[in-house]
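Worksheet: the structure to be examined is printed underneath.
The values are calculated or read from the model by the stated rules, or taken from the named source; none is laboratory data. Everything numeric here is computed off the predicted structure, so don't read it as measured data. Positions of Cβ are backbone-derived with ideal geometry, glycine not excepted, and every protein chain shown enters the neighbour counts. The accessibility values were calculated without ligands, DNA or RNA, using every heavy atom of the protein model including side chains. Shrake-Rupley method; radii C 1.70, N 1.55, O 1.52, S 1.80 Å.
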Amino acid sequence: MDKLLDTIQENFDKFRIVIKFTFIGSLITIVLFVIAGIYCKTCNSFFKELNTNPKKFIEKVDFLLKVAPKSALLYYLKGSAYLNLEEYDNSLKYFEKSLELKEKADTYSEMAVANFKKEQKITPKVLDLFDEAIKLSPENARIYQERASVYLIAGEYDNALNDLEETYKITQDECFIQNSAGVYLEKGDYCKAYAYYESFDKQTGNNSVYKDYARFRCHK
């Protein structure tokens, strides 16, 4: 009988230990989730400032660079902030520093945009940088999208359309059909614009604002 009671007591003690560690584990999990939530909120706020307050963003990046002076990402972010400030020489300087530490397709692509905005035209350097980006990451839709934007601003509509087509192939995002429609509209090819707006509306259930205008100009 005593042996039975000892066995019961031993099993009960083991059960209490399991419960105790399960409870502690649950507490740790909850704490980690809270920390992760705070971290995500801080990150969102941090990256939001890249567009809303680039100067303040640069100050924070400079502080982080004291801790991690060989972070390619931080130099890339600093270059992006200067790009938003339209300080293209500084932007290019920090993109180049980022590439010295680590080659990344997005960095080449952003450098291409910075060069284009600095020169106000598409130069061989701009195209070479985009080519380097695509070579590193041929399935990166963002690169084609950025190059399409550059072509569009420069009035090279056919090249812009080719890149938008490539972007759509990669992402299957119907928004790029609508973007192509807008390029055809700006190009003055109203029938093509109407066809693309019609395709976009059928796939998404939308009613594009400029579709009727494109149809009117197409049949005029």
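Going by the conditions given, is VAL209 among the hydrophobic types (A, V, I, L, M, F, W, C), at pLDDT below 95 and more than 25 Å from LYS102 (Cβ to Cβ)? Taking the combined requirement at face value, the residue satisfies it. Assess whether ASN90 counts as being open to solvent by less than 70 Å² (accessible area, probe 1.4 Å) and in contact with a helix residue (DSSP H, G or I) (Cβ under 7 Å, 6 or more places away or on another chain). Yes; evaluated as a whole, the condition is true for this residue. One residue stands out in region 137-173 among those that are aliphatic (A, V, I, L, M) and surrounded by fewer than 16 Cβ atoms within 10 Å (Cβ to Cβ): the one that is farthest from LEU85 (Cα to Cα), namely ALA154.
So that you can scan it fast, the table gives a plain yes or no per residue for (1) in contact with a Phe, Trp or Tyr (Cβ under 6 Å, 6 or more places away or on another chain); (2) open to solvent by 40 Å² or more (accessible area, probe 1.4 Å); (3) at pLDDT 95 or above; (4) within 26 Å of ILE153 (Cα to Cα):
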{"site": "PHE47", "(1), (2), (3), (4)": "no, yes, no, no"}
{"site": "ASN51", "(1), (2), (3), (4)": "no, yes, no, yes"}
{"site": "GLU59", "(1), (2), (3), (4)": "no, yes, no, no"}
{"site": "LYS97", "(1), (2), (3), (4)": "yes, yes, yes, no"}
{"site": "ALA105", "(1), (2), (3), (4)": "no, no, yes, yes"}
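Number of residues in region 121-141 that are over 23 Å from LYS78 (Cβ atoms) and of a type in the set (S, T, N, Q) equals 1. Mind checking whether some residue in region 68-77 is surrounded by fewer than 16 Cβ atoms within 10 Å (Cβ to Cβ), in contact (Cβ under 8 Å) with a residue 24 or more places away in the chain and over 16 Å from the mean Cα position of the chain (by Cα)? So far as region 68-77 goes, yes, one or more of its residues are surrounded by fewer than 16 Cβ atoms within 10 Å (Cβ to Cβ), in contact (Cβ under 8 Å) with a residue 24 or more places away in the chain and over 16 Å from the mean Cα position of the chain (by Cα).
For ASN84, indicate whether it is of a type outside the set (A, V, I, L, M, F, W, C), surrounded by 14 or more Cβ atoms within 10 Å (Cβ to Cβ), free of Cβ contacts under 8 Å to residues at least 60 places away in the same chain and touching a Leu at 6+ places or on another chain (Cβ under 9 Å). Yes: the conditions hold for ASN84.
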